[in-house]
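Have a look at the structure below, then the notes.
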Amino acid sequence: MILHHPVNHYLYAYGMLEKAYQEGKLKAIGLSNFPVDKIQEILDHCKIPPMVMQVEGHPYYPAEACHEFCDAHDIKLQCWFPLGHGSQELLNDPVVVELAKAHDRTPAQIVLRWHVQMGFTPMPGSRSEGHIAENAKIFDFSLTEEEMQKMAGINRHTPFYKVTPESLARLATTKCNFEE
Ligand SMILES: NC(=O)c1ccc[n+]([C@@H]2O[C@H](COP(=O)([O-])OP(=O)(O)OC[C@H]3O[C@@H](n4cnc5c(N)ncnc54)[C@H](OP(=O)(O)O)[C@@H]3O)[C@@H](O)[C@H]2O)c1
């Protein structure tokens, strides 16, 4: 189960996830969008460290600070917007297209393979049966070291999702109606 940031009383909420984990009700505990200083705060207080961290990640924004921190603490990075939210700019990026041609794959498969070789777990979204099947076929080829370097060269250090005070406030006050 994933605890999303922002959330009030996150240390208390995390403790509830730990309890559920200890009772065998959860297989893993994850975090989403927590800044590194707050992950550290959780690590300082928890008995069971988080196993997964979800963050926006793709070749244009490989979430470097979070990646480095999570690697150091053995937390698996799971990327949302792994295809840049279907960004045509990313899927038509000359480097991505060049590698797609070289491997006889689609640009999406090149991007998803890049995730795997970065050690990320991409979670692509799709409403297309064809895309879902295509996105799963990324384990029978690999990008060379040189090709991974080329992919590193397209890093823009900029996420697609822009966090604003308003979007944070909206998320922090969202209430789920589990009855519905
Ligand atoms: N934790 C968080 O805060 C957070 C935030 C945002 C999103 N998420 C989650 O992250 C997941 C992914 O997000 P996302 O779906 O917005 O981003 P995404 O996976 O980067 O992009 C999805 C878009 O890419 C297209 N696509 C998928 N496979 C493709 C392919 N093989 N070729 C060409 N286009 C392809 C999809 O169109 P088609 O439908 O036509 O395939 C869709 O428009 C979702 O489960 C979402 O709920 C989590």
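The values are calculated or read from the model by the stated rules, or taken from the named source; none is laboratory data. These numbers come from a predicted model, not from an experiment. Don't worry about glycine lacking a Cβ; one is built from the backbone with ideal geometry, like all the others, and counts go over all protein chains shown. Ligands, DNA and RNA are excluded from the accessible area calculation, which covers all protein heavy atoms including side chains. Shrake-Rupley method; radii C 1.70, N 1.55, O 1.52, S 1.80 Å.
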- Can you pull out the trypsin sites (Lys or Arg not before Pro) in region 91-150 that DSSP calls coil and that have at most 10 other Cβ atoms within 10 Å? Arg127
- Task: Enter the angle in degrees (range 0 to 90, nearest 10) between the Cα long axis of helix 36-45 and the first principal axis of the Cα atoms of the chain, meaning the one along which they spread out most.
- Result: 40 degrees
- Task: Could you quote the convex hull projected area for region 51-167, Cα atoms only and averaged over all directions, in nm²?
- Result: 8.1 nm²
- Query: Taking the Cα centre of each part, how many Å lie between region 134-175 and region 74-88?
  - Reply: 4 Å
- Query: Just by accessible area at a 1.4 angstrom probe, what is the order of Ile132, Ile154 from largest to smallest?
  - Reply: Ile132, Ile154
- Please work out whether region 1-106 counts as rounded, prolate or oblate from its C-alpha gyration tensor, where a ≥ b ≥ c are the square roots of the eigenvalues and a/c under 1.5 means rounded, while otherwise a/b larger than b/c means prolate and anything else oblate? prolate
- Message: Taking R0 as 30 Å, what FRET efficiency do you get between Ile48 and Met123 from their Cβ-Cβ distance, rounded to the nearest 0.05?
- Response: 0.85
- Query: With r defined as the distance between the Cβ atoms of Ile154 and Ala28 and R0 fixed at 35 Å, what FRET efficiency is calculated, to the nearest 0.05?
  - Reply: 0.65
- Message: Nearest 5 percent is fine: what portion of the DSSP beta bridges confined to the chain is antiparallel?
- Response: 5 percent
- How much area per residue is accessible in the chain when the probe is 1.4 Å and only protein heavy atoms are counted (Å²)? 60 Å²
- Message: Please compute the contact order of the chain in relative form: average sequence separation of alpha-carbon pairs under 8 Å and at least six residues apart, divided by the residue count, as a percent.
- Response: 20 percent
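Got the relative contact order for region 42-94 handy, in percent, Cα pairs under 8 Å and 6 or more residues apart?
That works out to 37 percent.
Pop out the carbon and sulfur fraction of the accessible area of region 109-180 as a percent, whole number, probe 1.4 Å.
Values: 2880 of 5150 Å².
Carbon and sulfur: 56 percent of the exposed surface of region 109-180.
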- Note on the structure: Restricted to pairs 8 or more residues apart or on different chains, the lysines in the chain with C-alpha atoms under 16 Å apart form a number of pairs equal to 7
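Relative contact order of region 1-95, please, whole-number percent, based on alpha carbon pairs below 8 angstrom and at least 6 residues apart.
23 percent
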- Would you work out the charge dipole size for the chain about its Cα centre, treating the Cβ of every Lys and Arg as +1 and the Cβ of every Asp and Glu as -1, and quote it to the nearest 20 debye? 400 debye
